[in-house]
Amino acid sequence: MNYLAHAYLSFGNDEILLGNMISDFVKGKKQFLYPPVVHKGILLHRAIDDFTDTHPVTQKAKSVFKTAYRLYSGAFIDVVYDHFLAIEQTAFADEGALFDFSQTTYKQLEKQMAVMPSAFERMFFYMQSQNWLYGYRTLPGIYQSFGGLVRRAAYLQDSTPAIRIFDQHYSFLQSCFNEFWEDIRFFAFNKMNLLLSDNRTLPE
C-alpha cells in the first residue's frame, strides 16, 4: 500500500498516522526513539506491507507488471491500489470527500513536524503542496507517481511501460483491489487495536 492507504488505515489516530507515514524513513533501532504510539504506527505500517505483499490477490495483481519490472512490480501495485482506494465509494463517496480527507491528513501531520525524520519532512512539503493524496484519484496523478517511482529506483529507466500496462489491465487491477480491500481493512484495524492495547515496548 502507498501513502493514501497508509493514511486511511490509521483510522483517525494522529500518532498512528505519523508512524504509518514515516515508517520507510526509519531504519533499524531508530524506531525505538519515537513516542510509543508513533512507534506502534511504524509497526502497523510494516504489518500492513507484509500482509499486502504476501496476499494471494496481490501476487495475482503483480503478475501484469512482472515481465517489465520484475522485483519492482510490487511497488507499482502499491500505487495502483492507492488509485482504486481514491475512487472506492465506501471510503470516499466523491471527490470532495477525498479532498477533505487529504487536507485533514496534512493538518494532522503538520502538528507533529517536530517528530518527523528530516527526509520525510522534506518530502512532506511536496506531498502537501502538490496534494499527492488527492492526486491518486486521477490518471495523470497515477502516471506522475509511476514516474516518481522510476526516478527513485536504482535500476529503472522508463515509466512508459507501466502506464501502458496499467491502462491495458485497468479492469483486472480494479477487480484485484476490490477483492483485497476488505481483507486489508479488517487486518489493519485489528492489528492497530492489538498494538494499542499492548503497553509493552514492542520489538519490530
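Considering the conditions (1) of a type in the set (A, V, I, L, M); (2) surrounded by fewer than 17 Cβ atoms within 10 Å (Cβ to Cβ); (3) touching a Phe, Trp or Tyr at 6+ places or on another chain (Cβ under 7 Å), Leu194 is excluded by exactly one of them, (3).
From the set of residues in the stretch 137-186 that are among the hydroxyl-bearing types (Ser, Thr, Tyr) and not in a helix (DSSP H, G or I), which is nearest to Ala86 (Cα to Cα)? Filtering first and then ranking leaves Thr138. None of Leu43, Leu33 is of a type outside the set (S, T, N, Q) and open to solvent by 30 Å² or more (accessible area, probe 1.4 Å) except Leu33. Within the stretch 43-62, no residue that is without any contact (Cβ under 8 Å) to a residue 60 or more places away in the chain sits with its Cβ atom under 6 Å from a residue that is of a type in the set (Phe, Trp, Tyr) and open to solvent by less than 10 Å² (accessible area, probe 1.4 Å) at 6+ positions apart or across chains.
When residues in the stretch 65-81 are screened for being over 17 Å from Asp50 (Cβ atoms), of a type in the set (Gly, Ala, Ser) and open to solvent by less than 30 Å² (accessible area, probe 1.4 Å), 0 of them pass.
Taken together, Tyr126, Tyr106 contain a single residue that is open to solvent by 10 Å² or more (accessible area, probe 1.4 Å), of a type in the set (Ser, Thr, Tyr) and either modelled with pLDDT of 95 or more or within 28 Å of Phe32 (Cα to Cα) (or both), which is Tyr126.
Could you tell me whether the stretch 166-177 includes any residue that is closer than 20 Å to Leu98 by Cα and modelled with pLDDT of 95 or more? Yes, because at least one residue in the stretch 166-177 is closer than 20 Å to Leu98 by Cα and modelled with pLDDT of 95 or more. Of the helices (runs of 4 or more DSSP H) that lie entirely inside the stretch 19-136, those containing 1 or more residues that are under 27 Å from Asn193 (Cβ atoms), among the basic types (Lys, Arg) and more than 17 Å from the chain's Cα centre (by Cα) span 95-110. Has the stretch 171-184 got any residue that is of a type outside the set (A, V, I, L, M, F, W, C) and over 30 Å from Asn13 (Cα atoms)? Within the stretch 171-184, one or more residues are of a type outside the set (A, V, I, L, M, F, W, C) and over 30 Å from Asn13 (Cα atoms). Inspect all residues belonging to the stretch 165-179 and state whether any of them is open to solvent by 70 Å² or more (accessible area, probe 1.4 Å) and among the acidic types (Asp, Glu). The answer is yes; a qualifying residue exists.
The values are calculated or read from the model by the stated rules, or taken from the named source; none is laboratory data. All of these numbers come straight from a predicted model, not from anything done at the bench. Cβ: placed from backbone, ideal geometry, glycine included. Neighbour counts: every protein chain shown. Just the protein is used for accessible areas: all its heavy atoms, side chains included, with ligands, DNA and RNA removed. Shrake-Rupley method; radii C 1.70, N 1.55, O 1.52, S 1.80 Å.
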